[in-house]
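Let me begin by presenting the structure, written as structure tokens, before commenting on it.
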Amino acid sequence: MKIKTIPHKTLAEAAASKLAASLLDGSLAPGAQLPPERELMNQLGISRTTVREALKTLEENSLIESRPNVGWFARSIDESNITQAKEMAGDYVTQPSRLATNEPVTGPRRVPINPEKPLHIPNLQKDRLGTFEFISWWEREKVQQAKVLVVGAGALGNEVIKNLALMGVGHIFIIDFDNIEAANLSRSVLFRETDNHRSKAEVVAARAKSINPQIHVQYLNADVTTGLGLGIIRRMDAVIGCLDNREARLAVNRFCYWMDKPWVDGAIQELLGLMRVFVPGQGACYECTLTEQALRDLSLRYSCQLLARQNVLLGKVPTTPTIASIIGGMQSQEALKLIHDMPVEPGKVVHFNGLNNEMHTTAYNPREDCESHWTYGEITELPARAERATLEDLLKIARSDLGPDAIIELDQELVTSFECPKCHSMEKVLRPLSEITFEAGHCPTCGILREAQFTHMITGEEDFLHRTLKSVGIPQLHILRAQNGVEYRFYELTGDLAEALHFRHFEQTEPEKPLKIGPRIRLKEEVHLAEAPSNTARGRVRIVDETSPEGIKVKAAQANVRVTKKTKMKLGKHTRKNIRLTETTRSKRVSFASRQKRVKVCKI
Ligand SMILES: [Zn+2]
Ligand SMILES: [Zn+2]
């Protein structure tokens, strides 16, 4: 019996061997460029220094050559270097390479190791995230900085939010329009019996914060299809869909595509579940997976839409807490991978069948003509707010950029009026279709379904241009689209940012609410604080010019004023260039260097 001695090799030598073997078996063709350093690091599971050392050895043996600023290239194998190649390849050469045999990639994949990760010994007595430090790829900073949107706070949402909180994901935004009922208690770990009738989003946000007080949470009671400003998605690292209907999934899919954000979908029914990740531009998106029939069902006439919504609200899918943990667990894990920029498999679906414990993955075919495949261009941040800005204001801005033909495209149909086919009574409505119930669509006298007039374009001809964006259903921090038939422009209501996205619910200190003064300050007019602050702002107050064309700009004006519930602000002593804002109770003056009349006072 002949026993081969075990070769003593350094990591670099072993890596060089593998690469030399690839040259010999042809999987690395002569003249072909080698993968970039980063990829080699991932594939071989070694550090950058080791990769470089291996490449240097290969170069010294005339097996590869470097082209400055391009990379490394394989040299052809001939008499001059075959001996070195064989010697270096050693044992590896007998193993056929996966590339050469065209074998599909199967089995567990190596997780990339972060070579820069410093060795850190956590204090497990004090550090709740301590054990995660032992995971080679886990990066505390990334996880704590991460912003994740969870859409839906039902059975799946409960599991996902619980996991995100446990893992210390730093910023969680939760949206759901529903309230808790007794039947939710059987599969929602974060709900309690005393929570009946409370908002699901609010309750899960509060519980997430109590699971891990180090994270920051925010909730919104709204329907994701209409109530979530795109600016919120724009500022997220990942979106997790915990939804139970197609309409909402389709909306989330489009929003994420427009904002170029990855999203993780999950679906459960009885003991079956599926999980999939969609990344814009990489494989199929959610809409690609829908059949023609499903797409037709989603674009039905309004009467059916009203009914369909009704059905969505009624249609409860039977699920169990166990399948919710399985799928919710997978979703949270994929989100964690997205946060770490680790590879995911976009456009593929993982099916899990709990009846026979079978799990399989299949890829969807991306559709060329899919309507979701569109990403917004450069976004202009306006100091405007949905509550204040009117359709006319926005149209003016669009026209100054795109010319007189510019129109605004709304994301949802706006019902302008109802007309009864029987008694011919007309009712002006001006509300988004999503806010109209099936009952409201009926004539109050005849009881039959009325004809509705819709629009989703603002052309400048409308008689309701004076209406605020909020009143026609546009959410805070939304991004609106304008076009002139040739070009699109995108405008964000960035004036809403502080209020719409703060992640400070259930903090010890309450969320910072900008102290509102009335809509416009007129000279020499006494201004009352429209909305009293929940806590008194003392000390320094900042004056913000809302009409500044470059966006929100904090002017230098700062002073020691005390703003309380009863404080009245007064404008006076107006010179050509200056408006002086005087706090009446203490008569301390704040100079405000602007001729603009719109200012905002907020706490700092
Ligand atoms: Zn698609
Ligand atoms: Zn009628």
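The values are calculated or read from the model by the stated rules, or taken from the named source; none is laboratory data. Worth saying up front: this structure is predicted, and the values here are computed from it rather than measured. Methodologically, a virtual Cβ is constructed for each residue, glycine included, from the backbone with ideal geometry; neighbour enumeration extends over all protein chains shown. Areas reflect the complete protein model, heavy atoms only, side chains present, ligands, DNA and RNA absent. Shrake-Rupley method; radii C 1.70, N 1.55, O 1.52, S 1.80 Å.
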* Which distance in Å, rounded to a whole number, links the C-alpha centroids of segment 315-370 and segment 59-85? -> 44 Å
* Among DSSP beta bridges lying fully in segment 164-284, give the percent that are antiparallel, nearest 5. => 55 percent
* Calculate, for segment 180-255, the solvent-accessible area per residue in square angstrom, rolling a 1.4 angstrom probe over the heavy atoms of the protein chains. => 37 Å²
* **Rounded to the nearest 10 Å², the accessible area of Trp72 at probe 1.4 Å** => 60 Å²
* Restricting attention to segment 151-256, which trypsin sites (Lys or Arg not before Pro) occupy a DSSP loop and are surrounded by at most 13 other Cβ atoms within 10 Å? -> Arg192
* Structure fact -> With Rg from the Cα atoms and Rh as the Kirkwood inverse mean 1/r over Cα pairs, segment 206-300 has an Rg/Rh of 1.00
* Asked: What are the extents of the Cα atoms of segment 137-196 along their three principal axes, listed from largest to smallest and rounded to whole Å?
  -> 40, 19, 17
* To do: Whenever you get a sec, line up Glu499, Glu387 from highest to lowest accessible area (probe 1.4 Å, protein heavy atoms).
  => Glu387, Glu499
* **Accessible area expressed per residue, segment 362-403, with surrounding protein chains retained (probe 1.4 Å, Å²)** => 56 Å²
* Asked: Could you give me the ³J(HN,Hα) list for segment 197-214, computed from phi with Karplus coefficients 6.51, -1.76, 1.60 and θ = phi - 60°, whole Hz, x at Gly and Pro?
  -> 6, 7, 5, 4, 4, 5, 5, 5, 5, 5, 5, 4, 5, 7, 5, 9, x, 7
* To do: Rank by packing, highest mean first: peptides 375-386, 400-411, with packing defined as the count of other Cβ atoms within 10 Å averaged across residues.
  => 375-386, 400-411
* Structure fact -> Excluding ligands, DNA and RNA, the carbon-plus-sulfur percentage of the accessible area of segment 349-427 with a 1.4 Å probe reads 48 percent
* **Within the accessible area of segment 11-86 (1.4 Å probe), percent carbon and sulfur** => 48 percent
* Quick one: Karplus J couplings for segment 432-439, per residue in order, coefficients 6.51, -1.76, 1.60, θ = phi - 60°, nearest Hz, x for Gly and Pro? -> x, 3, 5, 8, 9, 8, 4, 5
